[in-house]
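One structure below.
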Amino acid sequence: PLERKRFYQNVSISQGEGGFEINLDHRKLKTPQAKLFTVPSEALAIAVATEWDSQKDTIKFYTMHLTTLCNTALDNPTQRNKMQLIRAAVKFLETDTVCYRVEEPAALAELQKNEWDPVIAWAEKRYNVAIGSSTSILGPNIPASTKETFVSHLASYNMWALQGIEYVITQLKSLILSMGLIDRHITVEKAVLLSRLEEEYQIQRWGNVEWAHDYDLCELRARAAAGTLFVHLCSESSTVKHKLLQD
Amino acid sequence: MAALGSPLRTLRGLLRELRYASGRAGRPYRDTSAYQHIVAAFRAHRVTSEKLCRAQQELHFQAATYLCLLRSVREHTALHQEYHGKGERSPEEVAGLVGFRLPQQPGGKG
């Protein structure tokens, strides 16, 4: 269901054996698969509680991105293990938005070069890899060593953070932009702008359609922001109880 | 490093979004755990001046990200209500769009 009536007055958090729990009045929140909803970080629990408390007359599930991410981490509905998640994430590099270039129109090609080359250069330097870009329909040719570097790097994240990383990559259609966010090199607004560069170019040329363009823009910003925040809150060693996170 | 602007501006924006987001009247937004957590975090790290400390930059980035989340969800919901929230038109309304009226059928259809 997309929406249902708000059935609770008070939202609070409490600490249980498995982590922080969300209470809707006296009921404990459960996942779609009926597991107890527990998160490893207090800040994340507070943010989830805020999502539930922000709902007015109806609960708009499609706006509750942090809750959704936690449910995915807890239920793992796609049944993927850590290595499968990592490989799915790194595979995106082969069709990474910022590496996939047009040849025309010239103005767009120029815009892509000016806006995307710097972030590729940043990634190449930061991770000591070769990435490059391509106008070929097959996309860029990413060396195996580059992929292995990213696989190793992502392996250092726990399962929860990885769910978040893979989510952001899927939304932005770019591993490079996602790493830019995770590494705090660019803001969410900038990452989304770079992800939607061609749309923005077309909007400048042909005009903006609020009910489509702004709608998509806000949704992508919300999802990318939620994913990024989720990753950071699940990775902080000061707030995360390591023993609770299944690797 | 990400261009984040002034930490004070981010904090103000965040508190404003929390105010907008307080769904049920009655409980002031200043009483919420989110408000208290954010204010305590900013106080603890004194993120209100130009500093290069890594922990401060991390906190500021997190705050700016959360601000983006709250603001974007609010804007998206408003757009959804405006353009996609009204459901379908009834048959009478559809007919009215082109100047027709549905026939009266006292015995019901067919």
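Going through segment A:1-47, which GluC sites (Glu not before Pro) have at most 10 other Cβ atoms within 10 Å and a DSSP loop state? All intermediate terms of the calculation are to be shown ahead of the outcome.
Details: sites: A:3, A:17, A:21, A:42; in loops: A:17.
Here the sparse-neighbourhood loop sites are A:17.
Answer rounded, prolate or oblate for segment A:165-239, using the Cα gyration tensor with square roots of eigenvalues a ≥ b ≥ c: rounded when a/c is under 1.5, else prolate when a/b is larger than b/c, else oblate. Provide the component values of the computation, followed by the final result.
Numbers: a/c = 2.98, a/b = 2.21, b/c = 1.35.
Since a/c reaches 1.5 and a/b is larger than b/c, the shape of segment A:165-239 is classed as prolate.
Given the peptides A:72-80, A:183-191, A:220-228, A:46-54, arrange them by the average over their residues of other C-beta atoms within 10 Å, most packed first. The partial results should precede the final answer.
On the way: A:72-80: 15.2, A:183-191: 20.8, A:220-228: 26.6, A:46-54: 24.0.
Taking the mean over residues of other Cβ atoms within 10 Å, the ranking is A:220-228, A:46-54, A:183-191, A:72-80.
Per DSSP H run of at least 4 residues, take -39500 (n - 2.57); add these up for chain A, divide by its residues and hand me the 222 nm value, nearest 500 deg cm²/dmol.
Values: 10 runs with 128 residues, N = 247.
Taking each H run of at least 4 residues, the total per residue is -16500 deg cm²/dmol.
Which three extents, in angstrom, do the Cα atoms of segment A:4-75 have along their principal axes, listed largest first?
32, 22, 22
Hey, fewest Cβ within 10 Å first, where do A:173, A:56 land in order? Display every interim value, and only then the final one.
Working: A:173 16, A:56 12.
Fewest-to-most ranking of A:173, A:56: A:56, A:173.
Over all residues in A:38-50, what is the mean tally of Cβ atoms on other chains that come within 10 Å of each residue's Cβ?
Numbers: counts 0, 0, 0, 0, 2, 7, 0, 2, 7, 6, 0, 3, 13.
The per-residue average across the peptide is 3.
Relative contact order for segment A:4-75: what percent, with Cα pairs under 8 Å and sequence separation of 6 or more?
Values: 99 pairs, mean separation 23.2, N = 72.
For segment A:4-75, the relative contact order is 32 percent.
Give the order of A:115, A:210 when sorted by the count of other beta carbons within 10 angstrom, beginning with the fewest.
Numbers: A:115 16, A:210 11.
Least crowded to most crowded, the residues run A:210, A:115.
Mind checking A:227-233 for the average number of partner chain beta-carbons within 10 Å of each residue's beta-carbon?
Average neighbour count from other chains, rounded to a whole number: 4.
Taking the number of other C-beta atoms within 10 Å as the exposure measure, put A:92, B:100 in order starting with the fewest.
Working: A:92 19, B:100 10.
Listed from fewest to most nearby Cβ atoms, that is B:100, A:92.
Could you tell me the distance between the Cα centroids of segment A:30-46 and segment A:172-186, to the nearest Å?
26
What's the ranking of B:7-17, A:26-36 by average number of surrounding C-beta atoms within 10 Å, highest first?
Numbers: B:7-17: 17.6, A:26-36: 12.5.
Highest mean packing first, the order is B:7-17, A:26-36.
Quick one: grab the alpha carbon gyration tensor of the protein assembly as shown, order the square roots of its eigenvalues as a ≥ b ≥ c, and give me rounded if a/c is under 1.5, else prolate or oblate depending on whether a/b is larger than b/c.
Numbers: a/c = 1.63, a/b = 1.13, b/c = 1.44.
It comes out oblate by the Cα gyration axes.
Just tell me how shielded A:214-223 is by partners: mean number of partner chain Cβ atoms within 10 Å of each residue's Cβ, no decimals.
Details: counts 5, 7, 2, 4, 10, 6, 2, 7, 10, 4.
Mean shielding by partner chains, rounded to a whole number: 6.
The numbers here are math on the coordinates, done by the rules we state, and not lab data. From a predicted model like this one, the values you see are computed outputs, not experimental measurements. All Cβ positions, even for glycine, are placed from backbone atoms using ideal geometry, and neighbour counts span all protein chains on display.
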